[in-house]
1. Expressed as a whole percentage, what fraction of the accessible surface of the chain belongs to carbon and sulfur atoms when a 1.4 Å probe is rolled over the protein heavy atoms?
2. Can you list residues whose amide H is under 5 Å from H5's amide H, if they're 5+ apart or on another chain and H is modeled 1.01 Å from N?
3. Using the beta-carbon distance between E2 and S77 and R0 = 22 Å, what value does 1/(1 + (r/R0)^6) give for FRET efficiency, to the nearest 0.05?
4. Please find, in a Gaussian network model of the chain (springs between Cα atoms separated by less than 10 Å), the residue of I62, I41, I50 whose mean-square fluctuation is greatest.
5. For the chain: lysine pairs with Cα atoms under 28 Å, gap of 8 or more or different chains, count?
6. Amide H of T32 versus every other amide H placed in the peptide plane: which residues, excluding those fewer than 5 positions away on the same chain, fall under 5 Å?
7. Between N12 and S51, how high is the FRET efficiency from 1/(1 + (r/R0)^6) when r is the Cβ-Cβ distance and R₀ = 30 Å? Nearest 0.05.
8. Please arrange T86, T68 by accessible surface area, largest first, computed with a 1.4 Å probe and ligands excluded.
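The values are calculated or read from the model by the stated rules, or taken from the named source; none is laboratory data. No experiment lies behind these values; they were computed from the predicted model shown. Here the Cβ positions follow ideal geometry from the backbone for every residue, glycine too, while neighbour counts run over all protein chains shown. Please note that ligands, DNA and RNA were not included when accessible areas were found on the heavy atoms of the full protein model with its side chains. Shrake-Rupley method; radii C 1.70, N 1.55, O 1.52, S 1.80 Å.
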Amino acid sequence: MENNHECIICGNGYYACNKCNKINSWRRYVDTPSCYQLYLIIEEYMHEVISKVEARKLLANIGITSETLKKKDYKESVYNVLADITNLKNSTINKKTK
Ligand SMILES: [Zn+2]
C-alpha cells in the first residue's frame, strides 16, 4: 500500500483508506492515536478551549514536556506550538501586578 497521507503532527507518510474516512475520521489527519491525542490538545489550545496551563498539563500527561520535546519528532509548525506551550519561561501565569 502506498502512503497517501501525511501526518499533520509528525509529518510521517502513511496509508489510510479514503473510503474508511467516514468511520475513522482522525485517520485523515494523523497516523497514530498518540498523534491524534496531540492534535486534539493543539486544536483546543489554538481555539482557546483550554488555556496554556491546561494544555501543558495535558501534554505532561502524555509525556511531553520541555525536556522530552524533540524538534525532529514533529513538523515545524507543530513543534513551535508545543515549544510555546511547554516553555515555562514564557508563562503568562506570573502576571505582575503592582
Ligand atoms: Zn504522526
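1. After summing per-atom areas, the C and S share lands at 51 percent.
2. Y14, A16
3. 0.30
4. Largest GNM mean-square fluctuation: I62.
5. Qualifying lysine pairs in the chain: 22.
6. Close amide H contacts, sequence-distant or interchain: none at all.
7. Calculated value: 0.55.
8. Numbers: T86 5, T68 65 Å².
Output order, biggest surface exposure first: T68, T86.
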